[in-house]
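Structure, as structure tokens:
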Amino acid sequence: MSESTTVSAAFEQSPGCPQCGAPVGLIPSDVCPQCGGETRTRSKTFDDELTLLLDESLSNVPGAPPNAAADQELNALIGADIDVYHIDSLLGRGGMGHVFLAHHRDLHRPCALKILSPRLAARDADYVQRFLNEGRAAAALVHPNVITIHAIGQARQYYFLEMEFVAGRSLRQVLDEQGPLPPLRAATLAARVADGLAAAHRELIIHRDLKADNVLLTLHNVPKIADFGLCKRIQRGGSSPVPEGLCGTPNYMAPELFQGEPASPASDVYGLGVMLYLMLAARFPFSAASLPELVQIVTTRPPPDLREFVADIPLEIAECVNLLLEKSPANRPADGHAAAALVHAMLGQVRDLYALIEEAFRDDPHVQWVHAGEQFHAKVRFADGRKQVVHIEPSQHAADERLLLIYSTCCAIDPTYYETALRLNAEMPHGSVAIREVDGQAQFVVLDTYPRATVDAEEIRRSTLEVAARADAIEQLLTGLDHR
């Protein structure tokens, strides 16, 4: 499947209403007949947007989610004043309340004002406590990849957070509209999200609901982590300020959470891995029609190979995703700092090869090159008008053993050429004539290799020109043709 193919099933919704949980089946309606809430029903795939607050048996949902009456009460605030804020418009709504575009009347600045549903506040003190936890936890974070909390307060019956207003869209909205992102862009966004996650973990804060919906992109494509409403502050020996239980969004939750283990920095790292997988493939690594089925799949099956869906994803990026999605938290990066180091190292390797190729051929008018995933293709033109294409790509070995392969096709294998090929092979000071499958067909190629970790631009340039010249000469000797 090509990178441009969007797997629509990744964004399909649950047969249950995400607001009240009522079964709505496959009714072709955007409104739940039970509560009047938005359903966006599209198929039987389990709803990845539903945030769970479940007990360990996964059997019930405590508390009461927002309903139509609560929505109307908060929607009525548009155009009104609360404390020092004037509310202009609705930005979005979630399980805990609404987020409005507002402006601070004293400071004359726009802001995002998150207001907890007063019905939830009156019915369940735990909702209020978790809402206040969001403000206190996020206010401790000052980082360019985390939404800044400016104030937390209460006016009349309303609890609110004043947050930095991001004039952009959520990462989820971008993926809904655009489908999979180019690998380098996805990896770059993941690296910056990892930086924000590292800042949270340094403050001993676990997000517990890291997902594409909770990452906002500025107009300059800077990602910012939002919504610490389910966050849990790590205690160095005390008790947790929020009740233990299963919290999060199912498709982003680490296997150990479904097995009763508490949330940890490593479970946040798993959520980052799911997000990166989603950015690259426009589908989740795991999906199911029900929560029990999803739990079984997440806890027992390895994630599908990314490169089955997107063929040109660089090997380094695919390996990074696999590490972030390791089943055991002990095998994952331990926290945001370790995850950021891994993602930046991966990104550096991918970018480094691109930069090396660019440097190698920058001043050579006889070489044109293109980039396709982890492969580079350099077309070399000779003075006599002949031409040869050289392929440059990393090998499939482990990272510390990886080689850079530089090869060019001579011709399809023919037993009558074997003896000549062996003699030419013995005469070559560097590289060799080998048999390699290219585009599904066995071919004679001239092949040279270098250690991926130490190869430099000049080695790539010299090897490419030598491989091209030798492959062209062998092709001409054996076939008399110029296919490349």
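The values are calculated or read from the model by the stated rules, or taken from the named source; none is laboratory data. Note that the structure is predicted; figures quoted are calculated from it, not measured. For neighbour counting, all protein chains shown are included, and Cβ atoms are generated from backbone atoms with ideal geometry for every residue, glycine included.
Apart from one condition, GLN441 fits all of (1) loosely packed, with under 14 Cβ neighbours inside 10 Å; (2) under 30 Å from MET346 (Cβ atoms); the exception is (2).
Restricting the search to the range 83-98, which residues are part of a strand (DSSP E or B), of a type outside the set (Gly, Ala, Ser) and farther than 14 Å from HIS150 by Cβ? Break it down into steps so the answer makes sense when it comes.
Within the range 83-98, the subset part of a strand (DSSP E or B) is 85-93, 97-98.
Then drop every residue that is not of a type outside the set (Gly, Ala, Ser), which leaves 85-88, 90-91, 93, 98.
Matches in the range 83-98: HIS86, ILE87, ASP88, LEU90, LEU91, ARG93, HIS98.
Note on the range 466-484: among residues that are surrounded by 20 or more Cβ atoms within 10 Å (Cβ to Cβ) and of a type in the set (A, V, I, L, M, F, W, C), the one that is modelled with the lowest pLDDT is ILE474. With the requirement that a residue be surrounded by fewer than 21 Cβ atoms within 10 Å (Cβ to Cβ) and in a loop (DSSP other than H, G, I, E, B), what does the range 311-334 give you? Within the range 311-334, ALA311, ASP312, GLU326, LYS327, SER328, ALA334 meet the criteria. Pairs are defined by a Cβ separation below 7 Å, a sequence spacing of at least 6 or placement on different chains, a first member in the range 358-381 that is free of Cβ contacts under 8 Å to residues at least 12 places away in the same chain and assigned by TED's automatic domain parsing to the domain that holds ALA281, and a second member that is surrounded by 14 or more Cβ atoms within 10 Å (Cβ to Cβ) and not small (Gly, Ala, Ser); no pair meets this definition. Applying a threshold of 9 Å to beta carbon distances and a minimum spacing of six or more residues, or different chains, the list of pairs starting in the range 123-144 at a residue that is β-branched (Val, Ile, Thr) and ending at one that is assigned to a helix (DSSP H, G or I) reads VAL128/LEU120; VAL128/ALA121; VAL142/ALA199.
Just for the range 262-280: of the residues that are in a loop (DSSP other than H, G, I, E, B) and without any contact (Cβ under 8 Å) to a residue 60 or more places away in the chain, which one is nearest to the chain's Cα centre (by Cα)? Let's see the steps before the verdict.
So in the range 262-280, the residues in a loop (DSSP other than H, G, I, E, B) come out as 262-264.
Next, from what is left, pick out any that are without any contact (Cβ under 8 Å) to a residue 60 or more places away in the chain: 262-263.
Working: PRO262: 23, ALA263: 20 Å.
Only one residue fits best here, namely ALA263.
Taking GLY153, is it touching a residue at least 60 places away in the same chain (Cβ under 8 Å) and either more than 28 Å from the chain's Cα centre (by Cα) or more than 21 Å from ASP81 (Cβ to Cβ) (or both)? Judged against the criteria, GLY153 is a match.
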